[in-house]
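Beneath this line is the structure, given in structure tokens, with notes to follow.
Read-outs throughout are calculated quantities, based only on the coordinates presented, and are distinct from any laboratory measurement. Please read all numbers here as calculations on a predicted model, not as lab measurements. With ideal geometry, Cβ positions are generated from the backbone for all residues, glycine too; neighbour counts draw on all protein chains shown.
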């Protein structure tokens, strides 16, 4: 385990010690909203409101406690989640965002505990209070770093009394980052990435203070949006100003839909290599949980498909893009035509 991840994991443990105190057969903890919550015994009936939370439960061997889950979790193929949950007739409590959650289904599931994300589900807090439902909020998609993701996983592990598995996970995670840091240093050092998460209602990107930014920086790459904070929407003019070496786009309803939205956004006119991630790759980067283990490989593979090198980026050259290839073809064809005309005129003389 490298110094970075080792220190991050130690920080989580220290934080847990300071925020968690033993309760009778349970724990008292502070969640991402700052609320202090006492869980008197290990929950046997959990409702999960996001795929990353459900995946964390699966990684920790806690799927047998899930009695309700969001719709995305119920179709989640990672860790065989969908098959397991549907076989147990787990209640579908609705879509991922709070406005799509069916609160009556949560109550019908009679949970001991609800695990939710601060960014996506905080408007439901009053509902949980009014019905005396114990809820623990995690950072989830609002995670600002890999350490935040590990902290979320540690909180769930603490609740399930399975914290020993997190040290193993941290070791595997650092091994993956170390492997791909070295590969990046050989071929893509200094390459800047514009990571686009959505193209509906603007060009939504991952800026500073997001776990995506942390992934990019830890791999020795540059986040083109490093001067923009959080998840935000930018204009096409701003994208031109950022001048990324490569644009990586999360899949939005399928690759074909993503390509259409790319054309409509104008990003295809920037003359930059664009890589559209498939759904599995998108899940890995957009679900802050155990899938983080595969994130370094996804980023590296995206750069490989972009056919760009660190040397080209550092010297200001962007390599042969689609627009560049077309321009070069036009020049070559024009040169051939001129040569033929000259040859014909010469022969006539």
- [ ] Take every DSSP beta bridge whose two residues both sit in the range 3-162, then give the antiparallel share in percent to the nearest 5.
- [x] 40
- [ ] Answer rounded, prolate or oblate for the range 52-140, using the Cα gyration tensor with square roots of eigenvalues a ≥ b ≥ c: rounded when a/c is under 1.5, else prolate when a/b is larger than b/c, else oblate.
- [x] prolate
- [ ] Among DSSP beta bridges whose residues both lie in the range 188-318, state the antiparallel percentage, nearest 5.
- [x] 40
Open item on the list: If you average the alpha carbon positions of the range 38-74 and of the range 245-266, how far apart do those two centres end up, in angstrom?
Closed with: 32
Open item on the list: Applying a 10 Å radius around every beta-carbon, put 123-133, 223-233 in order of their mean neighbour count, most first.
Closed with: 223-233, 123-133
Open item on the list: Explain nothing, just the number: relative contact order of the range 185-286, from Cα pairs under 8 Å at least 6 residues apart, as a whole percent.
Closed with: 29
- [ ] Return the whole-Å distance between the Cα centroid of the range 160-230 and the Cα centroid of the range 124-140.
- [x] 30
TODO: Please work out whether the range 188-318 counts as rounded, prolate or oblate from its C-alpha gyration tensor, where a ≥ b ≥ c are the square roots of the eigenvalues and a/c under 1.5 means rounded, while otherwise a/b larger than b/c means prolate and anything else oblate?
DONE: rounded
Task: Packing rank of 75-88, 103-116, where each peptide gets the mean count of other beta carbons within 10 Å, highest leading - done: 103-116, 75-88
